[in-house]
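What follows is a set of notes on a single structure, which appears directly below.
The values are calculated or read from the model by the stated rules, or taken from the named source; none is laboratory data. Predicted model, so just to flag it, every value in this text is computed and none were measured. Backbone-built Cβ (ideal geometry, glycine too); neighbour counts: all protein chains shown.
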Amino acid sequence: MTEPRLIRNFSIIAHIDHGKSTLADRVLELTHTVYGRDMKDQVLDTMDIERERGITIKAQAVRVMYDADDGETYQLNLIDTPGHVDFTYEVSRSLQACEGALLVVDAGQGVEAQTVANAQLAMNAHLGVIPLINKIDLPQADAERVSHEIEEALTIPGEEAILTSGKTGAGVRDALEAVVRRVPPPQGDSDAPLRALIFDSYFDPYRGVVGLIRVVDGHIAKGMKLRMMATGVTTEAEEVGVRRPANQPVEGLGVGEVGYLITGLKDPALVRVGDTVTLAKRGSEEPLPGYREVKPMVFTGMFPIDGDQYPDLREALDKLRLNDAALVFEPESSHALGFGFRVGFLGLLHLEVVKERLEREFGLDLLATAPSVEYHVRKTNGETIVVQSPQDMPDVGSIDRIEEPFLRAMILVPPDYVGAVMELAEGRRATFKDMQYLSKTTVELHYDIPLGELIMDFFDQLKSRTRGYASLDYEYIGYRESQLVKLDILLAGKPIDALSFIVHKDKAYYRGKTLSEKLREIIPRQFFEVPIQAAIGGRVIARETVRAKRKDVLAKCYGGDVSRKRKLLEKQKAGKKRMKAVGNVEVPQEAFMAILKVDE
Amino acid sequence: MPAHLYVHVPFCRLKCSYCDFFSVPVEDAEGVEAVLAGIEEEILEWGRARLSGILDTVYVGGGTPTIIGPGVIRILESVRTSLPARTDGEVTVEANPDSATARLVEALAAAGVTRVSLGVQSFDDEIIGLLGRLHTVEEAHVAARAVCDAGLDLAIDLMCGVPGQSLRSWHCTLEEGIETGAKHVSVYPLALEDGTPLAVAVGAGLVSSPDSDAAADMMLLAEDVLGAAGFERYEVANYAVPGHESRHNTAYWTGESYIGVGPAAHGMLDPETAGASGVRTGVGTDVARVRYSNASDIEEWLQGAGRDVETLSKAEVAREDVMLGLRLARGVGARIVAAAGLEEQLRQLEAEGLVELAGGGVKQRWRTTTRGWLLGNEVFRRVWLPDQ
């Protein structure tokens, strides 16, 4: 165990793409933690999806030993955090495990919404924040402007910023020196009963749930009987170790140290992020602050295109949940799509990542319905029900009022695009709160916006209307009443439950009409006419028609054509397999997502 | 044993913009001579093996057989001397208007040809140009007259659904086609084949893509106009004055076996003939039909290599027969459908108006309706791949 005065725990926080993971790679190299031959880009991003998309989804903790200029060797624990708003809770837990943070700002892009949000999280957690202006090797780097933005937006003196390049390694040593000098050493009572924070966990098929922990008080060692304070489960420390970045067992971890804990527990629900580990007997009575249950915000129906894959889908979801406590799901059946699951996510990125993993790692062909949020429906009989899927919305007559989740959104954008942002926000039922100039180049706007609008392609729209300059962050602020109605889509006269959605009453006509038009383009011509109708409570508000296909025949069929023709038919049939037969209408997968592309 | 022979002549002056059949330009006399010798040799082998039945039909297609002129006569001569044939057999040669000269046509007639299939495609010079064909309307008329004057049965091909083709232009083409004296008209809606220059041009937006509704209108117009002139539609794409139907092509649609000779030529054999001829070397338990195609590379074919062989099981043959039978106006016998296990599919197609049941008792037959013919792929797919 290292004395606390020689320990520094810090994380690297950044907006997506500002070079966090590459910088972490340089730290590993500089401290000889990973040698050249083991070095691959973004060592700490272990999932394929993380590497490909350049995002970090899971928190990581790695111990490096750093020989500082003062002649001492320091134990630095680098806690890499997810860089996306969907995972804000994970970020906040990771920050709880640290005393300091390197805040990475791209020297070209400057301060963005997530930079501000993450810096605020770090400052609220009383962390020493060291700004790094990164990517200074780029031609478009403008350190002076960015340093000014850091002062304005983050109220951190610009001269404290360190210039770095994750690519060339420039300034990385300066950053580590700053960590040693400016980040306070951990404080804690080594004589008090054990208190350790679980700031992340992952599932190992052989060892069970592996918790990443930070010891706050006392110490933890192999063989100790332990208790998880939130879940109340008691267990034993089967193995305690540190990550360098491969797991390396140690005798124990003391105050301020960071490592991993294996208990043999197999159910991730018992080893929860944010929970406090203490001793089973004579343990602490006071859990570490800040634990909360992670609640999914966005829901979608996931259905296997081939109904036979339903058990495989269940198994795959079960497996993913082992590594992702925020993933929740329950069976859902749709008249149109058969059996599937209603799956809850932290946000849209989380949804995309999970869907991609299901398809890639488990070889499933999935159809996902348009994402929805959780509505609170007060019925006229006084009952309140929770609706996660439009198809569960009760009859209009029995509804007294509907409430939906709202967010406080923060948008950072250059002044030239303020008009475009306002236009978009207005179209999405957002209420303007305030606006301030952070610098000549950046304006910060605040809006209250229904989550249901935000998940409707809002981010892509924001990006495209501001030529990629705007950035967005948000926090949940609570449920509010809205005038909502359920809009049904009928194909060939039959309501298709999986296409229903919930919409504000003032927008119902427009969205019903444009969605019908969109569906007319997406649904291929069948050999019979397919009417598309949009209806609210039985009243049709829009109608389009997919005209019948009149000709589909390859007329030439002589000797050699027979085989070719059969193969063509087989190919056509394979093409149909990628569609979902709803009644007798072949509907391509994208139809179920079309509502997201209905522009204002 | 097969009673039909197809010979593929793989030469063209220039490949048409829509065509993806196997052909190469005529470059030198030696190249042509090598292929001719190879074809003669392949015919001779079938003769020596005594695996050909008495030929009812011979079809020399391509490519453009007439481009090698007297070479076609040599092929016919080789067939006559090597293989047994009926005296009243049907012998067809494919021709393009620019190479079917009166002299050649007369020579063909003298060599036993009974029928010439002329690739006219259109009587509208603009459409002919777009299709990348090298003849003119005038040449088409001259060639057609030569065929009729030589006393041969004239068949012509016409193409509809071409980008830029109006219904009016198509109507004129049909009328002019009838005036040529043809007794047989094939009507093909243009199909864009991957990799052809026309498909590339459409992909690049240089030519508008063929409109399937317009093609449907043109196919319906063809039935009306040709019907009024005494032609009967006996297959999806084929119209004939009664008695002038193509016997060779009818063999393709009725499951009769045929020999294919030449590079890229296809053949279909019963398992015994396939085994005896060496076309099929493997042994399968459930093989009821063998389809093969020769290498579509002249060098490979000359070495006797690169032949593709496909075997069909009994159940597949039954479904294939129904699928092909539904291309024909006379349809397919209800008992054959039942034996293929496809009655349920056909009942469903009947409910959707794509097929109908005609006749009674043992003569009951399933026939494709006009609408079903337009949507043939829907019908054929559900017959060929019934478990959907």
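Assorted remarks:
- Residue match in region A:245-254 (condition: touching an Asp or Glu at 6+ places or on another chain (Cβ under 6 Å), buried (at least 17 other Cβ atoms within 10 Å of the Cβ) and not in a helix (DSSP H, G or I)): no
- Residues that are in a helix (DSSP H, G or I) and in contact with a Gly (Cβ under 6 Å, 6 or more places away or on another chain) within region A:301-311 comprise just one, A:307.
- Residue B:300 meets each of the listed conditions (1) more than 11 Å from every other protein chain (Cβ to nearest Cβ); (2) among the acidic types (Asp, Glu); (3) touching a Phe, Trp or Tyr at 6+ places or on another chain (Cβ under 7 Å) apart from (3).
Rundown of residues vs (1) of a type in the set (D, E, K, R); (2) at pLDDT below 90; (3) surrounded by fewer than 19 Cβ atoms within 10 Å (Cβ to Cβ), yes/no style:
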position	(1), (2), (3)
A:508	no, no, no
A:530	no, no, no
A:534	no, no, no
A:553	no, yes, no
A:559	no, yes, no
A:572	no, yes, yes
A:582	no, yes, no
A:590	yes, yes, yes
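- Per the conditions (1) more than 14 Å from chain B (Cβ to nearest Cβ); (2) without any contact (Cβ under 8 Å) to a residue 12 or more places away in the chain; (3) in contact with a Pro (Cβ under 9 Å, 6 or more places away or on another chain), the sole criterion not satisfied by residue A:543 is (2).
- Listing of strands (runs of 3 or more DSSP E) fully contained in region B:292-388 that carry 1 or more residues being at pLDDT below 95 and either in contact with a His (Cβ under 6 Å, 6 or more places away or on another chain) or closer than 25 Å to residue B:280 by Cα (or both): B:308-312
- Residues satisfying the stated conditions in region A:273-293, i.e. under 26 Å from residue A:478 (Cα atoms), surrounded by 19 or more Cβ atoms within 10 Å (Cβ to Cβ) and not assigned by TED's automatic domain parsing to the domain that holds residue A:227: A:288
- Checking each residue in region A:548-579 for being part of a loop (DSSP other than H, G, I, E, B) and facing another protein chain (nearest Cβ under 8 Å) picks out A:549, A:550, A:551, A:552, A:553, A:554, A:555, A:556, A:557, A:558, A:559, A:560.
- Filter result (aliphatic (A, V, I, L, M), surrounded by fewer than 23 Cβ atoms within 10 Å (Cβ to Cβ) and without any contact (Cβ under 8 Å) to a residue 40 or more places away in the chain) within region B:126-153: B:137
- Residue count for region A:165-187 satisfying the condition of being surrounded by 18 or more Cβ atoms within 10 Å (Cβ to Cβ) and at positive phi: 1.
- Filtered by the rule that a residue be within 14 Å of chain A (Cβ to nearest Cβ) and either farther than 28 Å from residue B:132 by Cα or surrounded by fewer than 21 Cβ atoms within 10 Å (Cβ to Cβ) (or both), region B:4-58 gives B:4, B:5, B:19, B:20, B:21, B:57, B:58.
- On inspection, residue B:62 fails the criterion of being more than 19 Å from residue B:110 (Cα to Cα) and surrounded by fewer than 22 Cβ atoms within 10 Å (Cβ to Cβ).
- Residue match in region A:515-527 (condition: buried (at least 17 other Cβ atoms within 10 Å of the Cβ), within 14 Å of another protein chain (Cβ to nearest Cβ) and either touching a Leu at 6+ places or on another chain (Cβ under 9 Å) or without any contact (Cβ under 8 Å) to a residue 12 or more places away in the chain (or both)): yes
- Residue match in region A:388-396 (condition: free of Cβ contacts under 8 Å to residues at least 12 places away in the same chain and over 17 Å from residue A:482 (Cα atoms)): yes
- Qualifying positions in region B:114-125 - among the small types (Gly, Ala, Ser) and surrounded by fewer than 23 Cβ atoms within 10 Å (Cβ to Cβ): none
- Options A:384, A:441, A:431: the member that is over 30 Å from residue A:519 (Cβ atoms), more than 18 Å from the chain's Cα centre (by Cα) and buried (at least 17 other Cβ atoms within 10 Å of the Cβ): A:441
- Checked against the criterion of being closer than 16 Å to residue B:224 by Cβ, buried (at least 18 other Cβ atoms within 10 Å of the Cβ), more than 12 Å from chain A (Cβ to nearest Cβ) and within 17 Å of the chain's Cα centre (by Cα), region B:158-176 has no qualifying residue.
- Note on region B:285-317: among residues that are within 14 Å of residue B:22 (Cα to Cα) and either surrounded by fewer than 16 Cβ atoms within 10 Å (Cβ to Cβ) or not polar (S, T, N, Q) (or both), the one that is nearest to the chain's Cα centre (by Cα) is B:295.
- Matching residues, region A:67-82, being farther than 17 Å from residue A:259 by Cα and either buried (at least 24 other Cβ atoms within 10 Å of the Cβ) or not small (Gly, Ala, Ser) (or both): A:67, A:69, A:70, A:72, A:73, A:82
- Listed conditions (1) in contact with a strand residue (DSSP E or B) (Cβ under 8 Å, 6 or more places away or on another chain); (2) assigned to a loop (DSSP other than H, G, I, E, B) are all met by residue A:422, apart from (2).
- Test: residue in region B:98-106 that is of a type in the set (Asp, Glu) and modelled with pLDDT under 95: yes
- Being within 26 Å of residue B:373 (Cα to Cα) and in a strand (DSSP E or B) is a description that applies to residue B:187.
- The selection criterion, being away from chain A (no Cβ under 14 Å) and in contact with a helix residue (DSSP H, G or I) (Cβ under 8 Å, 6 or more places away or on another chain), does not hold for residue B:324.
- Of residues in region B:229-258 being crowded, with 19+ Cβ neighbours inside 10 Å, among the aliphatic types (A, V, I, L, M) and part of a loop (DSSP other than H, G, I, E, B), the one nearest to the other protein chains (Cβ to nearest Cβ): B:237
- Among the residues here, residue A:191 qualifies as acidic (Asp, Glu) and either assigned to a loop (DSSP other than H, G, I, E, B) or under 28 Å from the mean Cα position of the chain (by Cα) (or both).
- If you go through region B:200-220 and keep only what is in contact (Cβ under 8 Å) with a residue 60 or more places away in the chain and part of a helix (DSSP H, G or I), you end up with B:201, B:216, B:219, B:220.
- Region A:580-593: number of residues that are under 31 Å from the mean Cα position of the chain (by Cα) and farther than 12 Å from residue A:337 by Cβ: 3
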